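Colleague: One structure is given below, represented as structure tokens, and several questions about it will come after.
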Amino acid sequence: MSTADILRQEGELRGEQRGQILARQQDIIEALEIRFDRVPDGLREEVEHIADSSRLHALLRAAIRCADLESFAKEL
């Protein structure tokens, strides 16, 4: 396998991972919008800055379970 092939595969993998992170961030925001009709811009921006997949998974669960936006914000 050539160096170019290896670099291409690594780039594709990073692109897939980034896509998964973006999708999870959007899932969290959508869950909050469904539950609370709105997501303040600051809260939305905080979610969009998180790039750790396991952290985003935990936040999605918190978005589904939290009593209000303030309790979700404490999870951040």
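Here, each number is a calculation from the coordinates, and none is a lab measurement. What you see is a predicted model; the values in this text were computed from it and never measured. Note that each Cβ is placed from the backbone with ideal geometry, even for glycine, and that neighbours are counted across all protein chains shown.
Colleague: Report Rg(Cα)/(2.2 N^0.38 Å) for region 3-75, keeping two decimals.
Modeller: 1.33
Colleague: Of the peptides 26-33, 44-51, how do they stack up when ordered by the mean number of other Cβ atoms within 10 Å, highest first? Don't skip to the answer; put the middle values down first.
Modeller: Working: 26-33: 17.5, 44-51: 14.0.
So the order, starting with the most tightly packed, is 26-33, 44-51.
Colleague: To continue, here is another question. Quick check: net charge around Ile29, other residues with Cβ under 12 Å of its Cβ, Lys/Arg +1 and Asp/Glu -1? Walk me through the intermediate numbers first.
Modeller: Working: positive: Arg24, Arg35, Arg38, Arg44; negative: Asp27, Glu30, Glu33, Asp41, Glu45, Glu46, Glu48.
Summing Lys/Arg as +1 and Asp/Glu as -1 gives -3.
Colleague: While we're here: Can you pull the one-decimal nm distance between simple spin-label points at Asp68 and Arg38, each 7 Å off the Cα toward Cβ?
Modeller: With each label placed 7 Å out from Cα toward Cβ, I get 1.4 nm.
Colleague: Sum -39500 (n - 2.57) across every DSSP H segment of at least 4 residues in the chain, then divide by the residue count to get the 222 nm mean residue ellipticity, nearest 500.
Modeller: Values: 4 runs with 62 residues, N = 76.
When only DSSP H runs of four or more count, the value is -27000 deg cm²/dmol.
Colleague: Additional query: Full-extension gain between Ser54 and Ala23, please, as 0.36 nm times their residue separation minus the C-alpha to C-alpha distance. Intermediate values should be presented prior to the final figure.
Modeller: Values: separation 31, 0.36 × 31 = 11.16 nm, distance 1.32 nm.
Answer, rounded to one decimal: 9.8 nm.
Colleague: Restricting to Cα pairs below 8 Å that are 6+ residues apart, what does the relative contact order work out to for the chain? Please round to a whole percent. Write down the numbers at each step before the final one.
Modeller: Values: 45 pairs, mean separation 24.6, N = 76.
Result for the chain is 32 percent.
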